[in-house]
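First comes the structure, then the notes that go with it.
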Amino acid sequence: MPEGQGPEPPGIRLRAGAEARRQARGPLRARDQEEAEAAEIAAPGHRRHTGDREDGQPAAQRRRPAISAAVSIRRPRVVIAGAGFGGLTCARGLKHAPVDVLLVDRNNYHLFTPLLYQVASALLEPSEIARPVRQLIRPLSNADFLQASITGVDFVGRRLLTDQDPIPYDYLVLATGAQSDHFGNVSVAQHGLGLKDLDEGLALRNRILSRFEASRWTRDPDRRRALLSFAVVGGGPTGVEMAGAISELIRLVLRKDYRQLDINEVRVVLIEAAPHVLGAFVPSLREAARRSLERKGIEVMLGAKVEAVTDGSVRLAGGQEIPACTVIWTAGVKGSDVGKATGVQLVRQSRIKVDGTLQVPGHPVVFVIGDLAGASDGAAMLPMLIPVAMQAGRHVADSISDMVANGGARAFRYKDPGIMATIGRNSAVAQLGWVHLSGFLGWLMWLGVHLVNVISFRSRIVVLVNWAWDYIFYDRPVRLIVRARP
């Protein structure tokens, strides 16, 4: 029965994996046969025998070892689309599995996104939070990498479609992450800056520093205030951390660089449509975060919905207009465009619908993990968080290993390790089960967790040095306006 047709396997376990194994091995056997047939063709300059061999043995007996060799060396191919936290974790989980792993990503690097806002706020260099994928998979003898943009999936032909060539697969893991969601607001998409990838982080750093340079040339006080006003839309962890970082960059560092700067002309505004910031946290930590933001000179506007953005202002529902030449959009995310390109059913936030095993219904050899997966935990969908992606990556690696060894996919259960957000120097909130920390203790916890999880040992050392330098000398080492040439 072709993939995607007929009834879905009952329950969460796919009949002990029988149907999934049969479907996965169909293309595998077909390619093995093609390789075997190709082996029958003699090398150039040699004559192909169609009858008996000179020693009297039939030609069929001569060909049989070639078929056996082709079948014995062919292993299932697992293609992982996306080299983020979920994809890389899945590849590492397949290190000892009898499979060949191929990672595909439009970038040749893996990005430690929790510290991307520190690139945008001139504290860290891009190389300190990013590493080449090929370097990271060196210890994986069964893994390789290709750089390509993913354009879709051919489920019938078992091929991942890219802007290069189609890539055949036996098992496919979609882990292409998320992108900013502007909710159809064209003005936000045109004038707002996101913070989801390295290009956006560098663009934001350039924008912030360029606004300060431009402010030195204008004599119009209203224009200067707009240039020195920064609106962060979205009161989640990314928005809170970005607002705190901009405020500290300005008040602790840039005011020393720009001696004629009137700090009263500088404005950092955090705009949140909900009645509180950090909605995923308990009320006491939300309030602690709000107070900390205000102590750092950040205006917190709650219950405020953005209606439009121009190149010099933000207009709220109700008509209020905030002069600001820099608008940072962190108010919404959705699954990457790969989800729509696959043509399968999507759920809220443009995420691909999956079953309890993280498989796409009707396609038992296709898994979805990370922000692109519309996985649920009871009635609620799992959050778009790194721990979810990493746990899902390990789980899918185990499921594929089991399916290759005549087992079946297992149900995914997420274990929540907790959530954190830092507001800046000496201030953070951490919710780790029943342990709730704020202020300096929360900040120490945040520092430790993020430092341990930075990509490589070298990066940990460099990040720690930069953090210490900033903490002791109130200085940001990367105040460079750098524009790449086209």
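The values are calculated or read from the model by the stated rules, or taken from the named source; none is laboratory data. Because the structure is a prediction, the values reported are computed rather than measured. Positions of Cβ are generated from backbone atoms using ideal geometry, with glycine treated the same way; all protein chains shown enter the neighbour counts.
One table, with the values for the structure above:
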item: Helices (runs of 4 or more DSSP H) fully within the stretch 180-291 counting 2 or more residues that are out of contact with any Asp or Glu (no Cβ under 7 Å at 6 or more places or on another chain) and free of Cβ contacts under 8 Å to residues at least 12 places away in the same chain; result: 186-191, 198-215
item: Residue match in the stretch 337-345 (condition: modelled with pLDDT of 95 or more, touching an Asp or Glu at 6+ places or on another chain (Cβ under 9 Å) and among the aliphatic types (A, V, I, L, M)); result: no
item: Complete set of residues in the stretch 435-480 that are loosely packed, with under 13 Cβ neighbours inside 10 Å and in a loop (DSSP other than H, G, I, E, B); result: Leu480
item: Enumeration of residues in the stretch 219-244 that are surrounded by fewer than 24 Cβ atoms within 10 Å (Cβ to Cβ), closer than 30 Å to Pro383 by Cα and among the hydrophobic types (A, V, I, L, M, F, W, C); result: none
item: Where Arg216 falls short, out of the listed (1) out of contact with any Lys or Arg (no Cβ under 8 Å at 6 or more places or on another chain); (2) outside the structural domain of Tyr258 (by TED's automatic domain parsing); result: (2)
item: Those strands (runs of 3 or more DSSP E) lying entirely in the stretch 302-413 with at least 3 residues crowded, with 22+ Cβ neighbours inside 10 Å and not assigned by TED's automatic domain parsing to the domain that holds Ile455; result: 363-368
item: Residues of the stretch 114-150 classified as within 30 Å of Asn206 (Cβ to Cβ) and either touching a Cys at 6+ places or on another chain (Cβ under 9 Å) or of a type in the set (Val, Ile, Thr) (or both), total; result: 4
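For (1) outside the structural domain of Gln164 (by TED's automatic domain parsing); (2) not hydrophobic (A, V, I, L, M, F, W, C), each residue gets a yes or a no:
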residue	(1), (2)
Arg75	no, yes
Val78	no, no
Leu88	no, no
Pro114	yes, yes
Gln118	yes, yes
